1. Treating cross-link reach as a plain straight distance, find the lysines whose alpha-carbon is under 21 Å from the alpha-carbon of B:K132, omitting any fewer than eight places away in the same chain.
2. What dipole magnitude, in Debye to the nearest 20, does region A:55-134 give about its Cα centre under +1 on Lys/Arg Cβ and -1 on Asp/Glu Cβ?
3. Between beta-carbons, use under 15 Å as the cut-off and find the net charge around A:H99, counting Lys and Arg +1, Asp and Glu -1.
4. Counting other Cβ atoms within 10 Å of each Cβ, which trypsin sites (Lys or Arg not before Pro) in region B:69-134 have at most 10 and sit in a DSSP loop?
5. What whole-number value in Å² describes the accessible area per residue of region A:69-134 for a 1.4 Å probe?
6. Using a Cα-Cα cut-off of under 13 Å, which aspartates and glutamates could be cross-linked to A:K107, ignoring same-chain neighbours fewer than 8 residues away?
7. At the nearest 100 Å², what buried accessible area, both sides summed, do you get for A and B when the probe is 1.4 Å?
8. Ordered shortest first, which distances in nm separate the 7 Å Cα→C-beta label point of A:V53 from those of the other copies?
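The values are calculated or read from the model by the stated rules, or taken from the named source; none is laboratory data. Not measured: the values here are computed from a predicted model. Ideal geometry is used to build each Cβ from the backbone, glycine not excepted, and the neighbour counts take in all protein chains shown. All accessible areas refer to the heavy atoms of the entire protein, side chains included, with ligands and DNA or RNA removed. Shrake-Rupley method; radii C 1.70, N 1.55, O 1.52, S 1.80 Å.
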There are 2 protein chains.
Amino acid sequence: VELNMNLKHLLQVGAAVLTLSMTGVAVAQQPRVSVVRIAELEIDPARMDSYNVAVNEEMEASIRLEPGVMAIYAVAEKDHPNKLWFFEMYADEAAYDAHRNSPHFRKYFDTTKDMITGRRLIETVPVQLNAKPQ
Amino acid sequence: VELNMNLKHLLQVGAAVLTLSMTGVAVAQQPRVSVVRIAELEIDPARMDSYNVAVNEEMEASIRLEPGVMAIYAVAEKDHPNKLWFFEMYADEAAYDAHRNSPHFRKYFDTTKDMITGRRLIETVPVQLNAKPQ
């Protein structure tokens, strides 16, 4: 299984497409992302500051320490700053499972569970993921 | 206004943070993104293939031709493949407005409007945008 996973990763990286247009501007297809999770969270308005400290720490650690966590984007609704949306990109299901069991995620989960007043998780699969090359 | 916009961009690029951890792995903060839009779309199941052709062309053109369109991610709900979510990152409001008025977006809009059976647009502001350096 371990070998298969590595082989799968290699193939995914190899399949990442970098297109050069006639204007010479590159369009990158996001490589190595087969699992995307969207989460909609409502935070107790009185606990927003504490929540933000905890989630920022958890997001930073996830990207830095976990090879299969490719991106975590957190945004707030313009008209409801305590309604947060997360768009999370993982290499594969194994990376997602490892993330949910990581020490930094468990710490975040325990710290924030009483601050979160509503939660919805949407499981998705990529259709097309296009970004400017960084 | 043009000069101010360029200055704002320069400052945003300058403020982009690249953190080197103790493990030597870099964490990139997404630079130059101040506007994020989430769209939830329901597509007529019988028109999915035609819709995908049109939206893929529009996404590719947007990233390639528009300097202020930083990323467009399209995903489908695992259990409802005709329910699509879009997570779109723009440099600023002007870039978002320019995108909505671009020829490729107008073409996509006209081509797909009868294929879309439900639509919700959520205006958001970034809280934290973390990604692996590409």
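1. A:K8, A:K132
2. Working: 10 positive and 13 negative charges, 36 e Å.
With only Lys, Arg, Asp and Glu charged at Cβ, the dipole is about 180 debye.
3. Taking every other residue near A:H99 into account, the sum is -2.
4. B:K113
5. Per-residue value: 44 Å².
6. Result set, ordered by chain and number: A:E57, A:E58.
7. Details: alone 8860 and 8820 Å², together 13510 Å².
Separately minus together, A and B give about 4200 Å² buried.
8. Those separations, rounded to one decimal, come out as 5.5 nm.
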